[in-house]
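Working notes, structure below.
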Amino acid sequence: MALNLLHSNDRLGEYPNSWYAATANTLPRFPKLEGEVQADVCVIGGGYTGLSAALHLAEAGRKVVLLEAHRVGFGASGRNGGQLGSGQRQDQEELEKMVGLDEAKRLWALGEDSKNLVKDLVQKHAIACDLKPGIALTGSNDSDVNHLHHYAEHLQSRYGYDQLEVLHQAACHALCPSPDYKGGVLDMGAGHLHPLNLALGLAKAAADAGADLRELSEVRQITPGSKVRISTDGGTVLADQLILGCNGYLGGLESKVAARVMPINNFVAATEPLGEDAARVLTRDVAVADSRFVVNYFRLSADKRLLFGGGESYGYRFPVDIATKVRQPMTEIFPHLRDVRIDYAWGGTLAITMKRLPYLARLAPNILTASGYSGHGVGTATHAGQLMALALQGESDGFDTMSRIPTRPFPGGAALRSPLLALAMTWFSLRDRLGF
């Protein structure tokens, strides 16, 4: 039985005490599922994947019921670093080795589609989520910087991607005055945003399009068949088709997915407003992700707080003192912030796969799943929802391309995957600290 993280670290039906929740656009609660409901499509999960699927299906005239155990945007979709990155989570050179150049080019194009989809949805539905351009990818040693510069040239020459500006050490420090970073690249085709407000905006758009959204409606059982029966404590949905968009909160609903998609926790802190001192962190309104294996990612909020994400855990309970956990990597990057006040600190559960690429699959002729975005979910999850909506309408090219990505089960299944990963991460974290 896979571990269910829906109730391990959070209060029922409540967002975490995050800066995002404190600055969220208000959205009335949606009702619980009660009684038996018929639907063309049932969607499980109220994050980017499920909300995007529900929106696109409702716009296509399908009768859609979406079930969310807590609140829409409750999970990783409402807690993440808010970075809308280019391409896929793995770089294109890795993908070329894995699947060949032609398929890698198709995956690059789909990654670009995912960015454009988010930008288009924000504009079309007037979603107020502070979407801004720019992510800097930084290196902490010469080897990482050289790789980033080489990769920028590779994307330009082989993929025609011209949104990357190479940053040598002086330019990198002018943008991000951390003594840790030695150079990098600035991707102005990427972006950053308020992730919870994006989720809430997608939920409102889906509801306005006619989707029936239900909160506090945790799914207990799925019974496959020509009509899929989806059962909660309060009711049942009978649907012609089912979409699973649960990501790190899948629990034991689907063993084939659980073997390939592992939940991990990540943590974010928001400092007090930094005022003029914000320029000692970033001189432009862009986000940053560094080249460590356990990635540090950060940006400034609209009120000039540093929103800093770092540190992962493989026990499934969040640490008692999240702020201290995040302060450690934060002060490695910005020693001058050692004593800064942290006003908010929160954890979230995302999901990874062995290859750090999403797992999209057709589990039955009328059941689709997408999850395992591995920290690249703002665009990829939103896009996966659209791809599944299209596949259920017979347009499956994009879904089929993503589902061809080889996704091996974790060794040892659910029982061993977490200890093995913890061991690997400890080794990579040591490598980061020793600088090799």
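The values are calculated or read from the model by the stated rules, or taken from the named source; none is laboratory data. All values reported here derive from a predicted model rather than from experimental measurement. Note: ideal-geometry Cβ built from the backbone for every residue, glycine included; neighbour counts use all protein chains shown.
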Matching residues, region 168-205, being in a strand (DSSP E or B) and under 15 Å from the mean Cα position of the chain (by Cα) = A190, G191, H192
Of the candidates V320, V294, V326, the one satisfying the condition of being in a helix (DSSP H, G or I) and of a type in the set (V, I, T) is V326
Test: residue in region 63-75 that is surrounded by fewer than 19 Cβ atoms within 10 Å (Cβ to Cβ) and either farther than 30 Å from D303 by Cβ or charged (D, E, K, R) (or both) | yes
If only one of L57, L33 is more than 30 Å from D290 (Cα to Cα), assigned to a loop (DSSP other than H, G, I, E, B) and either touching a Lys or Arg at 6+ places or on another chain (Cβ under 8 Å) or not β-branched (V, I, T) (or both), which one is it?
-> L33
In region 329-351, what residues are in a strand (DSSP E or B) and hydrophobic (A, V, I, L, M, F, W, C)?
-> I342, A345, W346, L350, A351
Residue hits (region 366-380; crowded, with 24+ Cβ neighbours inside 10 Å and among the aliphatic types (A, V, I, L, M)) are L368, A370, V378
Any idea which residue in region 215-258 is surrounded by the most Cβ atoms within 10 Å (Cβ to Cβ), counting only those that are of a type in the set (S, T, N, Q) and part of a strand (DSSP E or B)?
-> Q241
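How many residues does region 384-406 hold that are assigned to a loop (DSSP other than H, G, I, E, B) and either within 18 Å of the chain's Cα centre (by Cα) or buried (at least 16 other Cβ atoms within 10 Å of the Cβ) (or both)?
Selection size over region 384-406: 2.
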If you check every pair at least six apart or on different chains, which have Cβ atoms under 8 Å apart with a residue in region 251-280 that is in contact (Cβ under 8 Å) with a residue 60 or more places away in the chain and at positive phi first and a residue that is of a type outside the set (D, E, K, R) and in a helix (DSSP H, G or I) second?
-> G251/A258
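Based on this model, can you work out whether D162 counts as surrounded by 15 or more Cβ atoms within 10 Å (Cβ to Cβ) and under 26 Å from the mean Cα position of the chain (by Cα)? Can you show your working first?
Details: surrounded by 15 or more Cβ atoms within 10 Å (Cβ to Cβ): no; under 26 Å from the mean Cα position of the chain (by Cα): yes.
No: the conditions fail for D162.
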Residue within region 75-92 that is over 30 Å from N4 (Cβ atoms), in contact with a helix residue (DSSP H, G or I) (Cβ under 8 Å, 6 or more places away or on another chain), assigned to a helix (DSSP H, G or I) and at pLDDT 95 or above present | yes
Go over the candidates E34, E96 one by one and state the one that is surrounded by fewer than 16 Cβ atoms within 10 Å (Cβ to Cβ) and acidic (D, E).
-> E34
